[in-house]
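**Q** My structure is below; once you've seen it, I'll send some questions.
The values are calculated or read from the model by the stated rules, or taken from the named source; none is laboratory data. Note that the structure is a prediction, hence the values are computed from the model and not measured. Cβ placement follows ideal geometry from the backbone for every residue including glycine, while neighbour counts extend to all protein chains displayed.
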């Protein structure tokens, strides 16, 4: 039998009114697409949640690659200064007639813009290190920034292709520090380009970007092998081992 007193609303029904009004206001303010349980399901955004969304693999790769490139550029700069002080100096990177950096440093190609190319590397390799550190810290860059960064790496790759061609076909040498620069520039360009495609920075090519990202290690190894084969055909570097 109902215990409701005539003329007085049921206490349980009366308590539902304010709750329903609050939910209606929340749905109106948060948008029409909100679920009924969204207010309960949504948890706070913590540092752990944010860290999971960060591209930490790309960030670490840019830091390591930039650091190796910086090391190579610094070593080449020191060797160039030693040659300027003493043209007959024996450099640590001169192993034999083929694997040497002295000939590269003395050539006009080694100072393409009127100063040692290594000085460009000293300044340029700071960029991937800075971007990597910023990504680890949770930074989010605008679309124009990623395009500019990608264009910078494209310029670096073009410069590396020029240096590879010069070293193999004109100077007939394999410069150790130069090869380290080649080895980090190629995969950094691939990684950033694939990332931009996968994220839709260029408006399309998401599938291509995801494919390259998943196969970036084999693709890089294949490109290394192409350079090694070209050097073998021209210089027969295996005979020096």
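**Q** Among the residues of the stretch 21-38, is there at least one that is modelled with pLDDT under 60, surrounded by 15 or more Cβ atoms within 10 Å (Cβ to Cβ) and part of a helix (DSSP H, G or I)?
**A** Yes, there is a match, as at least one residue in the stretch 21-38 is modelled with pLDDT under 60, surrounded by 15 or more Cβ atoms within 10 Å (Cβ to Cβ) and part of a helix (DSSP H, G or I).
Quick grid of which residues meet (1) at pLDDT below 95; (2) under 25 Å from residue 204 (Cβ atoms):
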| residue | (1), (2) |
| --- | --- |
| 97 | yes, no |
| 142 | no, yes |
| 150 | no, yes |
| 167 | no, no |
| 183 | no, no |
| 187 | no, yes |
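**Q** Failed condition for residue 191, given (1) farther than 15 Å from residue 63 by Cα; (2) in contact (Cβ under 8 Å) with a residue 24 or more places away in the chain; (3) within 14 Å of the chain's Cα centre (by Cα), with all others met?
**A** All conditions pass for residue 191, except number (1).
**Q** Next question. Return the residue satisfying two criteria in turn: it lies in the stretch 135-157 and is part of a helix (DSSP H, G or I) and in contact (Cβ under 8 Å) with a residue 60 or more places away in the chain, and of such residues it is farthest from the chain's Cα centre (by Cα).
**A** Selected residue: 136.
**Q** Could you grab the pairs with beta carbons closer than 7 Å, sequence gap of 6+ or different chains, first residue in the stretch 225-237 and assigned by TED's automatic domain parsing to the domain that holds residue 172, second one at pLDDT below 95 and assigned to a helix (DSSP H, G or I)?
**A** Correct list of pairs: 231/237; 232/238.
**Q** Among the residues of the stretch 121-129, are any surrounded by 15 or more Cβ atoms within 10 Å (Cβ to Cβ), touching a residue at least 40 places away in the same chain (Cβ under 8 Å), over 12 Å from the mean Cα position of the chain (by Cα) and farther than 24 Å from residue 55 by Cα?
**A** Yes, some residue in the stretch 121-129 is surrounded by 15 or more Cβ atoms within 10 Å (Cβ to Cβ), touching a residue at least 40 places away in the same chain (Cβ under 8 Å), over 12 Å from the mean Cα position of the chain (by Cα) and farther than 24 Å from residue 55 by Cα.
**Q** Oh, and also: Give the stretch 94-109 a look and list any residue that's free of Cβ contacts under 8 Å to residues at least 12 places away in the same chain and in a helix (DSSP H, G or I), or say none.
**A** 108
**Q** Across the stretch 211-241, what is the number of residues that are assigned to a helix (DSSP H, G or I) and more than 23 Å from residue 63 (Cβ to Cβ)?
**A** Number satisfying all stated conditions: 17.
**Q** With (1) part of a helix (DSSP H, G or I); (2) within 21 Å of residue 66 (Cα to Cα); (3) in contact (Cβ under 8 Å) with a residue 12 or more places away in the chain as the list, and residue 167 as the residue in question, which single condition is left unmet?
**A** Evaluating residue 167 over (1) part of a helix (DSSP H, G or I); (2) within 21 Å of residue 66 (Cα to Cα); (3) in contact (Cβ under 8 Å) with a residue 12 or more places away in the chain leaves (2) as the failure.
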